[in-house]
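Any read-out appearing in this document is the output of simple, stated calculations on the displayed coordinates, not a laboratory observation. For clarity, every value in this text was computed on a predicted model and none was experimentally measured. Glycine also receives a Cβ, built like all others from the backbone with ideal geometry; neighbour counts cover every protein chain displayed.
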C-alpha cells in the first residue's frame, strides 16, 4: 500500500508545506465564516423583516459604513501580508532543506516513463534503472530533473512539492523520507496520450538496506542455469526487444526503453500501469498496447511456445 | 441640440412622426441577404449571446462525457485520444467561444442602451467581429467532428503542441481558431471603448456611468492589451508547426518556456476579462435587489480599474513549478495576493449596500447573485492559497486547481450571468421568465456545482493530477470522483430547466412591460424589447442613477435627423454634446470581409503562403466596405 | 440548400482528415509480425535472423504514422548514418531525389528489411512490419513525397546546415 497524499507528509519538505497549508486553511476558513456569515445574516434579516421596516441610511450611518468598509479593506491587506510573509519564510525553509545532499539522482522524463540514473564519482558505480527510485531514509536526495521530449512534472506529494522536467532545462528537487515506506507519485504535467499512466514510486529504506539494494542492482543479469532459461534468453535476444531495452550481462544494449536488468524486482510494469505479477507481465509482453495504448513499445506477436520461456527468463531478472 | 419639452398637445403628433421615421431608417433589412447585412447592436448582441449559449451547451456535453469517464477507476468508456480531445475542446470552448463572447454580447446589447445612444460607435465592425467569431468556432468544431479536434490542452504547452509531438492538423486548427476569436474580441473592445467614451447621453459624466458599463470598459481595455499576446504566440506556434521556425525549439535557440510566458501573459488577464463584467452584473443586480444605490461607487470603479491593471502582473503564478528563481517568483506571489484587495473592496461595498437595504427582492436574479457571493468567495480564497509558492508546488496541476478555477469562473461569471439572464431577458424579449422554474434552476445549479467541484479540492491534495483520462482503483480517488460526476448530472439538469423555462416563457411568460424591476439604468425607460433606435429622443442624465434621479421635466435630445442613422457625440469627461455623427446602415461588406479573412486564415493552416490570397481578397472587400458614398445616409460626418 | 452544401463540404473535409488524423496503436497481428524469412543482401545483421516476403504498402499520408517514423528514426539511430532529417553522412542522403535502390515505398521497405551492400543493416528481424512502414512513411516525407499537411515542418532536434551537412551546437555561430 503506497502513500500519496499531501495530507500525509513523510518527509521534512512535505511536512513543512503541510504546516504552511494549515495557516492558510484556518485563515481562509475564518474569512469565509465571517464574510459568508455577513451575507447569511443579511439574507435572514431580509427574510424576517417586513417591507419598508428598515429605513434608508442617514449620513452618519453612511459614514460609519464607509469606516467599516475601509477597516475591512485594511484588515484584508494585513492578512494578505501575513500570508505572504509565511509563504516567503516557508519557501526559504524549503530551500535550506536542500543544502548538502547525500545522494544525487538524475531523473529524465520520457513519454511515458521515468529514466533514473544514480550518480557516482566512480563511473562503474552509476546505476541505470526506471520508474522506481529507492532512497535511504533520513538522507537528503537531490534529484536533477530534465526531459528528453516534452514537459513532464515530478510529483510525490508525501515527500515534496512538484518540479517540472523541461527539455533543455535542468531543474532540481530535494526529497527526504523520514521513515521507510512506498511513496507514490505521478507525472503532473500533461504530456500526451499516456500522461495518466506515468506513475512512479519512491521506495525509502533504512540506509543499510538501501546500500544492499544498490549493490545488488549494480550486478549484471545472471547466466541462465537451465535450458528453459536459456531458451527464454535466446527468445529475448532474437526478438526486437534488444533494439530498445538493456539487460546488462547480455548483448541487449538498447536505450530507447527502460533498463530491464532487474525488472523482476520492480513493483509495477509500464511505469505503474500494471502490478508486476507473472500474469500481468505476460499480458504486457504479448500486448502492451492493450494496457497502455499509444506508447512506443509495439505489440509484437511472439510464437506461442516462445512466450512461456521468455516470461520465465524475465522473471529471473531479479 | 437639447431643449425642454414643448406643450403636450403638439408633442403627440410630432412624436408619432419621428417615431415612424426612425422605425423606417433603423429597420433591419429583410430576406436572407438582409439577415447577413444587419448592423444594429440589439440584433448582433442577441446573436452573440445565442451563439455563445450554443457553445456553452457543447462545452457542457464535453464535460459530461469527461465526468462519465472519470466516475469510475480504470474506465474504458472513452479512449485516451478522445478524452484528450474532449478536455482540450471543453477548455477551449468555454474560454474562447463561450465566456468572453457571451459577455461581449451583453456589452454590445446593453452599453448603447445604458449610455443613452442608438448604436455602438462602429456598427459594421460590430458585425464583422460577430462573423469572425462564428467562423472561428465553426472552423474548430468542424475539425473536432473530423478527428482533427485539438488535443494538447487549451493551453497547448510546447514541445507537446509543437510539430514533433502533435502530428497532423489538430493543434493548427486550435491555434488558428484563436486568431479568429481574438480578431473578434479586439473589434468588440474597440467599439465598446469608443461608445462608452464618446456616445454617452448629455449629462452622463464619467462619474455617472453605470457600473456595468465601467466593467465592460475595463474589460475592453484589458482585451486590447492581452489578446495581441495570444494572437502573436499562437501565430508563432503555427509558424513552428507549418514553416519550420524555431521559436520554441531549444536545439536551435528557442525555449519551450517562452510559450508559457506568452500564453499566460494573455491567460491570466483573460480570466479577469471574464470575471470583471461578472462583477459588473452583480453591482447592477444588487441595486435592483435592494432598491438602493451601490455603496462606494468610486471605490468600486477604482477597484475595477486596479484589478484590470494588476491582472497583467500575475502571469508567472502559473509557472511556479518550472524552476524559476525564487526572487522572481516572490514578486508574482505578492501580486497574486495583492489583487485580492480590490476584489475585497468590492465585496465590502456590496455588503454595505445590502446592509443599507430594506427587504430584498428575492427573485431568481437575486438568488443567483447570492450564489455568486458564496461560491466566488470560496474560489477567491483558494486563489490566495495558490498564490503561495510552496503551497502551489503541491497543488499545481491537480484537481485542486480545477476546483479553484471553476469556483471563480462559474461562481464569478456564470452565476452572475444567469442572474443577468433573468434580469434582462424580459427587456430583450418582452416576457418575464418563470420565477418558480427559475428557483428550481438556481438550486439545481447551486447544489450540483458544489457537489461536483468541492470534492475536487480534496482530490488535488490526495494526489490526483489534471488531464488524466483514467486513474487506478488503488489510488482511492474513485469515491470523490463518482460524487463529482453525480453533481455534474445535476448541473446538466439545471441547464435543461433553464432552457425549458426560456422556451415556455417566450410563449406563456408574463409580459414584462418597460420596467418590471424598478431599476435605475436607462434601458428600463424604453419598451421591452427596445426598438432598434432605442429611444425616440435620446435621454439626458442628471444623476448617477439615471431613472431614480429623473424628473418629469428633464430635457431630452431632439433635433437629430430621422432620415438617417444619426447619433450625438459627446465629450469624454462630462458628456457635453459635441457634434452629430451619422452611422452607417446595413451592409453586406462586414460579412464579405470576414469571409475573405477566413479564407486566408483557413487556407494558410494547410499551405502557409495561401495567406496571400486571403490578403488580396480582404483588400478587395475592404475597398467595398470603405468606398465613399455621396448619400449622407451612409456614414458621412455632418458638421452642422 | 444551405445545409446540403454545408453537408457536402463537411463530408469532403471528413474524408480528407480521416486518413490524415487516424491513430491506431492497436494493430492487426499480421501487420506487426517480424519478418525473418527474407533473403539477405548484407552480411551485417543486428542480432541475426532471416527476413520474410514483401507486402504492398499501406502508406497513405497518415500524420500519426509519419510522426511515429520520425521517433523511430531517432530511436534506431538511422540518423547516425543518414544524418538528422536525412541530410546524409556516412550513409546516403534520404532527403533528395537520388534513390540508389529505388524510392518506391515497397523498395524503401525492402532496403530496411533486407539491408543493402556497403553498410545498411538488415532490420527485418528487429522491427515489426507496421513500424517499418512508419519509417518508410517518414523517409518519404523527408523528400517531400508526403502531403505537407501530414508532415511536421521541423523536428525538435538540431538541424543540419543545408550547405555543409554539419550540425551546429546550440548557441554557436554558424
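Evaluated at q = 0.12, 0.13, 0.19, 0.23 Å⁻¹, the base-10 log of the normalised Debye intensity for region A:12-97, with identical point scatterers placed on the Cα atoms, takes the values -0.58, -0.64, -0.97, -1.15.
Helix B:364-387 and the longest principal axis of the Cα set of chain B meet at an angle near 40°.
When DSSP beta bridges are restricted to pairs lying wholly in the protein assembly as shown, around 75% turn out antiparallel. Please give the length that would be gained between residue A:290 and residue A:265 if that part of the chain were fully extended, namely 0.36 nm times their separation in residues minus their C-alpha to C-alpha distance (nm, one decimal). In short, 6.7 nm is gained. For region B:305-384, the percent of C-alpha pairs falling in each 10 Å distance bin, counted from 0 to the bin holding the largest distance, reads 15, 37, 27, 14, 6, 1.
Most tightly packed first, judged by the mean number of other beta-carbon atoms within 10 Å of their residues, the peptides A:158-167, B:550-559 read A:158-167, B:550-559. Working note: Cα gyration tensor of chain B, eigenvalues times five, square-rooted, sorted largest first, giving semi-axes of 41, 30, 23 Å. Here the convex hull built on the C-alpha positions of region A:1-158 has a volume of 194 cubic angstrom per residue. If you take the alpha carbon atoms of region C:62-102 and fit the smallest convex hull around them, that volume is 80 Å³ per residue.
Here's the picture: a label point sits 7 Å out from the Cα of residue A:170 along the beta-carbon direction, and within region A:100-117 the residues with their amide nitrogen under 16 Å of it are A:100-101, A:103-109, A:117. Remind me, relative contact order of chain B in percent, using alpha carbon pairs under 8 angstrom and six or more residues apart? Reported relative contact order: 21 percent.
For chain A, the antiparallel share of DSSP beta bridges with both residues in that region comes to about 65%.
The three principal axes of the Cα atoms in region A:71-155 give end-to-end lengths of 66, 30, 18 Å, sorted in falling order. Per residue of peptide A:145-154, the mean number of Cβ atoms on other chains within 10 Å of the residue Cβ is 4. Using alpha carbons only, the radius of gyration of region B:359-468 set against its Kirkwood radius gives Rg/Rh = 1.10.
Computed extension length for residue B:305-residue B:20: 98.4 nm, one decimal, from 0.36 nm per residue of separation with the Cα-Cα distance subtracted.
Using a simple spin-label model with pseudo-atoms 7 Å out from Cα toward Cβ, residue B:30 and residue B:232 lie 5.1 nm apart. Measure nothing fancy, just the Cα-based angle from helix A:207-218's long axis to the longest principal axis of chain A, in degrees from 0 to 90, nearest 10. The angle comes out at about 40 degrees.
Among the residues of A:18-25, the average count of other protein chain beta-carbon atoms within 10 Å of the residue beta-carbon is 4. Cβ-Cβ distance of residue A:225 and residue A:144, R₀ of 30 Å, FRET efficiency by 1/(1 + (r/R0)^6): the value works out to about 0.20. For the protein assembly as shown, the ratio of Cα radius of gyration to the globular rule of thumb 2.2 N^0.38 Å stands at 1.03. Distance from the alpha carbon centroid of region A:21-88 to that of region A:252-284 works out to 57 angstrom. Remark: relative contact order (region B:216-260) = 19 percent; criterion is Cα-Cα distance under 8 angstrom and separation of 6 or more residues. Of all beta bridges that DSSP places with both ends in region A:103-217, some 65 percent have antiparallel geometry. Taken along the Cα-to-beta-carbon direction at a fixed 7 Å, the label points for residue B:454 and residue A:63 span 4.3 nm. Kirkwood analysis of chain A, using all unique Cα-Cα pairs, places the hydrodynamic radius at 23.2 Å. Binning the C-alpha pair distances of region A:191-232 at 10 Å intervals from 0 yields a P(r) profile of 20, 23, 26, 30, 1 %, listed from the shortest bin outward.
Derived from the Cα gyration tensor, the three semi-axes of the equivalent ellipsoid of region B:252-305 are 39, 11, 4 Å, largest first. Among the residues of B:392-401, the average count of other protein chain beta-carbon atoms within 10 Å of the residue beta-carbon is 6. When only alpha carbons of region A:227-315 are considered, Rg and Dmax amount to 12.0, 35 Å. Pairs of alpha carbons in region A:103-217 separated by more than 17 Å make up 51% of all such pairs. Angle of helix A:59-97 to the longest C-alpha principal axis of chain A, folded into 0 to 90 degrees and rounded to 10: 20°.
Label separation (residue B:551 vs residue B:75): 6.5 nm, computed from points 7 Å beyond Cα along the C-beta direction. How many percent of the alpha carbon pairs in region B:172-290 exceed a separation of 18 Å? In whole percent, the long-distance tail amounts to 61.
Of the peptides B:542-549, B:510-517, A:119-126, the order by per-residue mean of other Cβ atoms within 10 Å, starting with the highest, comes out as B:542-549, B:510-517, A:119-126.
As a length-normalised measure over Cα pairs under 8 Å and 6 or more apart, the relative contact order of chain A settles at 16 percent. Taking the average, over residues, of other Cβ atoms within 10 Å as the packing measure, peptides A:212-218, A:184-190 rank A:184-190, A:212-218 from highest down.
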